[in-house]
Amino acid sequence: MKKANFIVLGSLVCCMALQAQAAGLDEIYRDLVRSDNRGYLPLFVKNRHAPNIYDEEIINSEVIKPLVIDAQTLQNLEDINLVNERQRRSAEREAAELRWQQVLKNVQNGYVSSVELEELLKREMNNNPHAVDVLGWIYARGIGVKPDFVKAFNYYKKAAVLKVPNATENAVKVYRAMSPEEKSKLLE
């Protein structure tokens with residue numbers, strides 16, 4: 001029995017010694033909250049002495065002044081770009097890819113207008129291998145444009161340089177289909 005009383009009394013003294021580190025109830029409360037929140041104090045504990053922003057005296061005092069915006073400040077605020085540039089660029093890329101897929105679909109269905117031709121030529125200027133190959137195909141078959149074996153041959157040559165599969169074979173086929181006058185234009 002004496003051992004049990006000694007153990008209980010010893011543990012009580014240890015607990016009191018640990019609690020004695022905190023000088024007041026406020027510090028005891030903060031220690032408890034800190035231990036529950038992995039060492040961090042939440043804002044409602046940290047800002048105990050912060051002024052109440054809903055207090056009528058503070059609102060009506062000179063401490064909080066109403067926001068006055070002049071014309072220059074308003075113009076500066078309007079100049080701020082609130083659009084996320086990454087999202088804008090991503091949307092532009094998606095729109096360009098959708099436009100490109102539509103162009104390819106239209107060409108495949110045999111419909112080539114100035115819109116499709118303009119998109120193909122723009123991509124050809126950027127050395128897009130697929131666009132160069134499609135332009136060679138369009139000019140070789142005369143789909144939406146006047147058939148021109150010289151242009152088709154040149155596009156297929158460019159596609160071969162850009163390592164498009166079968167571009168060399170297509171250039172050979174177009175060369176064989178050329179008339180002697182068209183072949184002479186290649187030498188010029």
Label-point gap, in nm, between Asn109 and Lys146 - each point 7 angstrom along Cα→Cβ: 2.8 nm
Difference of contour (0.36 nm per residue) and Cα-Cα distance, Lys122 to Ser179: 17.6 nm
Under the Karplus curve 6.51 cos²θ - 1.76 cosθ + 1.60, θ = phi - 60°, whole-Hz ³J(HN,Hα) for segment 127-143, x wherever Gly or Pro sits: 6, 6, x, 5, 5, 5, 5, 5, 4, x, 5, 4, 6, 5, 9, x, 8
Segment 84-117 and segment 131-188: distance between their alpha carbon centers, rounded to Å: 24 Å
Highest-first arrangement of 136-144, 99-107, 175-183, where packing means the average Cβ count within 10 Å: 136-144, 99-107, 175-183
Spacing of the two label points (7 Å from each Cα toward its C-beta) at His130 and Gln102, in nm: 1.6 nm
By average C-beta atoms within 10 angstrom, highest first, the peptides 155-165, 108-118, 85-95: 155-165, 108-118, 85-95
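Any read-out appearing in this document is the output of simple, stated calculations on the displayed coordinates, not a laboratory observation. Bear in mind the structure is a predicted one, so any value in this text is a computation, not a measurement. FYI the Cβ positions are ideal-geometry reconstructions off the backbone, even for glycines, and counts take in every protein chain you see.
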